[in-house]
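Reviewing the structure listed below.
The values are calculated or read from the model by the stated rules, or taken from the named source; none is laboratory data. Every value quoted in this text rests on a predicted model; they were computed, and no experiment measured them. All Cβ positions, glycine included, derive from the backbone under ideal geometry; neighbour counts span all protein chains shown. To get the accessible areas, we keep the full protein, side chains included, count just its heavy atoms, and leave off ligands, DNA and RNA. Shrake-Rupley method; radii C 1.70, N 1.55, O 1.52, S 1.80 Å.
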Amino acid sequence: MLQTLRRIVQEVNSTRDLNQVLEIIVQRVKKAIEADVCSIYLYDSDESKFILMATDGLNDKLVGKVQMAHGAGLVSLVAQRADPLNLDDAQEHPRFELFTALNEERYHGFTGIPITHHREVLGVLVAQSESRMRFSQDVVNFLVTIAAQLAGSIINAQATKQISALSKETQSNQNTSRIHQDHRPLTGQPGSPGVAVGKAVSITSSFSLNTVPDRPAENIEDETIVFRLALESVRQDIKSLSFQLLSDGLPTEDVAIFDAYLLMLDSNTLIESTIGKIQKGNWAAGALRETISEHIKLFSEMDNPYLQERVKDIRDLGQCIFNQMHGINDLPVHKLSKDTIIVAEDISATLLADIEKTNISGIVLKRGSRTSHVAILARAMGIPTVVGVNELPVMQLDGSQLVVDGYNGKVYISPPESILSEYSRLVSQEDELSQELRALSGKPATTIDEVNIPLYANSGLVAGITPSKESGAEGIGLYRTEYPFMIRQRFPGEEEQSKIYREVMEALAPRPVVLRTLDIGGDKSLSYFPIEEDNPFLGWRGIRVTLDHPEIFMIQLRAMLIASIGLNNLHILFPMVSKVSEVEDAKNLLERAYQEVLAEGHEVEMPKVGVMVEVPSIVFQMRQIASLVDFVSIGTNDLIQYLMAVDRNNANVADLYESLNPAVLIAIKQVIDEAHKENVPVSVCGEMAGDPLAAILLLGMSIDSLSTSVASLPRVKWMIRNFSFSEAKELVDKALTMKNADLIKNMLTTSMENKGLGGLIRAGR
Ligand code: PEP
Ligand code: MG
């Protein structure tokens with residue numbers, strides 16, 4: 001069964017058209033379980049109906065035409081219960097409805113399995129038999145497994161269908177369902193606020209060949225050359241790799257796979273078939289994809305397990321050739337313009353920082369969530385962004401018109417005029433709000449009852465500190481020093497670093513600047529210092545890396561100290577601390593660096609030292625930690641991730657990432673209270689500080705300062721100026737009695753709206 005399952009999944013994943021996907025499923029499943037009928041019904045939420053989308057066994061002329069209302073028939077019963085139903089005679093069930101035109105009357109045995117994706121029932125997979133019999137538990141288990149695995153592929157194929165339907169303007173084709181052919185947006189997470197309208201440019205780096213679209217070849221000869229060059233290059237790579245491994249002493253039989261690859265590369269079928277497809281007008285990548293999927297299909301249908309195993313090799317090889325071609329084409333930075341919307345599976349913060357120069361208008365990513373570094377960077381750059389769009393058909397969107405709603409995490413594909421005008425209205429409302437907010441820039445963040453909460457800006461990651469300087473911030477509360485490390489091919493030296501830090505501190509002086517020591521690992525990597533781990537967020541990150549490499553740490557600490565000479569506004573912050581000894585070790589190294597710099601004759605002051613609270617263990621040791629430092633800064637992005645065990649980059653669990661969860665609030669309050677017992681001030685520098693709703697609670701918990709992105713700072717200031725500290729305290733007391741984040745959010749929303757600050761929430765989250 002496992003073999004069959006794998007084969008079906010492989011075949012489905014190499015098919016792109018929804019109807020074909022469904023056809024393959026019903027045919028292969030029917031054969032595998034020896035049923036008389038296998039069908040798929042998908043749910044159309046607009047019509048509240050289940051539609052027969054594919055069948056092997058029933059009258060297939062009725063595909064797209066048989067529709068069942070929600071609440072009627074066995075199919076909808078399965079969906080309602082979200083549970084398999086297995087009956088020996090469906091016709092005796094009170095919910096059975098007969099469709100005579102389907103020729104269903106002769107079938108009795110029935111099993112229906114819900115196809116579920118992220119708690120939503122997309123449809124039902126049905127198997128039927130002529131005889132009165134229940135399908136075995138093994139069969140039901142097989143169907144449950146296949147339905148669970150295929151739900152994602154169906155979602156993907158649906159989204160792709162939406163695009164092709166829109167591009168051909170063939171709304172509601174007679175024979176096909178209307179599912180996803182309306183203007184329902186793709187949904188993800190708000191990454192960076194704002195709205196962008198523009199043309200999608202798909203970034204293909206690290207893409208699976210499988211997702212490459214067909215595209216007309218601009219020049220057949222050029223495309224053929226691109227393909228041949230890639231082939232030759234892969235051939236050379238494989239030869240030298242195999243040679244290298246043999247000289248490293250690997251047994252010949254282990255290296256034999258490379259000979260197999262070389263044979264495949266030289267096979268006429270691969271070369272001729274791809275070139276043939278290019279000559280018919282497809283571009284090289286599309287032609288290669290077609291050829292490779294034909295090979296995969298052929299091999300996966302073979303009954304010989306050895307040959308089936310070759311599917312993986314063929315796929316890998318195809319991917320190598322594609323990657324190579326991608327190198328040759330070097331997509332697509334040159335294609336970017338002012339109205340470009342970048343669409344990608346994921347992009348690195350470094351790439352995004354590079355792209356900035358060309359001034360793109362929006363970003364849509366399949367991966368990530370609000371607190372991914374790429375989203376933080378997009379906010380810093382003011383680019384409307386939606387992240388975590390699970391169903392994003394990256395390559396197929398290339399060239400489509402998109403509306404990116406970075407407030408609500410929605411992406412509209414080729415939207416009609418009505419949606420475009422709705423969004424234009426939103427943009428102008430937003431402009432008005434921004435003007436009002438801009439007027440606040442010179443005013444202090446002081447509550448109605450005269451409590452001042454200094455607001456600092458988060459910076460780093462991108463070059464340039466002008467926005468932070470002009471934002472009305474009272475200093476820089478978090479400067480992420482990773483950027484100069486990420487854009488180089490090697491670790492930057494003391495002088496290089498010192499120059500950058502000096503520029504920041506000089507620009508802000510006498511206002512304080514908090515420089516955080518290198519925080520690599522997790523989702524921030526350096527090309528020249530790769531860290532390969534199964535669980536990078538639980539691995540070698542932040543202070544763990546720098547304490548293990550004192551030479552790197554010392555260079556950075558010295559660079560910071562030297563940069564501060566004469567300015568004396570330096571604060572140093574240690575990231576990812578999880579135990580007391582790390583603070584002690586880091587402080588010892590700082591002391592050593594300080595003594596060295598003094599001994600070299602520099603007149604340097606010892607900076608204030610702080611610790612980030614990102615790891616839950618130190619929440620419970622706050623008093624001891626606080627006694628060692630001058631200030632504490634809560635990094636809620638990581639703290640929430642670790643408290644809730646929710647990967648901040650994983651779109652699948654993004655809904656579980658709750659900054660207003662009572663457990664999170666209790667932890668933050670505990671940090672503030674304990675640190676205050678040692679008279680140590682506490683700041684919040686995670687994204688939570690930039691959310692006006694959450695910031696009310698932080699204010700009420702007696703936070704000493706907040707550090708937010710420049711984009712969020714004015715909203716938070718507006719909120720602070722409209723609330724009193726005592727009101728905020730009352731809200732905290734109430735919130736801490738509540739059971740869940742939704743209740744807390746409703747309470748805060750109401751209190752903001754009562755003050756006429758609803759606009760801050762609508763357009764600001
Ligand atoms: C945090 O974790 O909240 C934080 C500010 O650090 P970063 O987002 O860079 O991990
Ligand atoms: Mg962090």
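A few points about this structure:
- In the complete set of protein chains, residue-level accessible area for Leu736 is approximately 60 Å², probe 1.4 angstrom.
- Estimated FRET transfer efficiency when R0 is 60 angstrom, pair His93-Glu496 (beta carbons, to 0.05): 0.20
- Counting only DSSP beta bridges with both residues in the chain, the antiparallel share comes to about 55 percent.
- Modelled FRET efficiency - R0 41 Å, Ser527 with Ala82, Cβ distances, 0.05 increments: 0.35
- For the range 398-403, 3J(HN,Hα) computed residue by residue from phi via the Karplus equation (6.51, -1.76, 1.60; θ = phi - 60°) reads 3, x, 6, 7, 10, 10 Hz, glycine and proline entered as x.
- Long-range amide H partners of Val37 with built H, under 5 Å: Gln128
- Computed accessible area, His602, all protein chains, 1.4 angstrom probe, square angstrom: 60
- Table column - 3J(HN,Hα) (Hz), the range 102-115, Karplus curve with 6.51, -1.76, 1.60, x for Gly and Pro: 7, 6, 8, 4, 8, 9, 10, x, 8, 9, x, 10, x, 9
- Here Gln621 and Asn535 are evaluated by their C-beta separation; at R0 = 25 Å the FRET efficiency comes out at 0.60.
- Each pair of Cα atoms in the chain enters the Kirkwood radius, and Stokes-Einstein at 10 °C and 1.306 mPa s then converts it into a translational diffusion coefficient of 55 µm²/s.
- The candidates Arg541, Arg132, arranged from most to least accessible area with a 1.4 Å probe in the full protein assembly, appear as Arg132, Arg541.
- Karplus-derived 3J(HN,Hα), 6.51/-1.76/1.60, for each residue of the range 720-725, Hz, glycine and proline x: 4, 6, 9, 10, 9, 4
- Distant-in-sequence amide H partners of Ser633 (H built 1.01 Å from N, under 5 Å): Val611, Met612, Val613, Ser683
- Contact order relative to length of the chain, as percent, for alpha carbon pairs under 8 angstrom and 6 or more apart: 11
- The lysines within cross-link reach of Lys745, meaning a Cα-to-Cα straight distance under 25 Å and a gap of 8 or more places when in the same chain, are Lys410, Lys669, Lys717, Lys729, Lys734, Lys755.
- Computed over the range 2-172, the convex hull of the alpha-carbon atoms projects to a mean area of 9.3 nm².
- Taking all protein chains as they are arranged and a probe of 1.4 Å, the heavy atoms of Arg379 leave approximately 10 Å² accessible to solvent.
- Within the range 538-601, GluC sites (Glu not before Pro) in DSSP loop having at most 13 other beta-carbon neighbours inside 10 Å: Glu600
- Here is how the number arises for the chain: DSSP H runs of 4 or more residues each give -39500 (n - 2.57), the sum is divided by the residue count, and the result at 222 nm is -14500 deg cm²/dmol.
- Trp283, Trp540, reordered so the largest accessible area comes first (probe 1.4 Å): Trp540, Trp283
- Nonlocal amide H pairs with Glu605, under 5 Å, H built at 1.01 Å: Gly566
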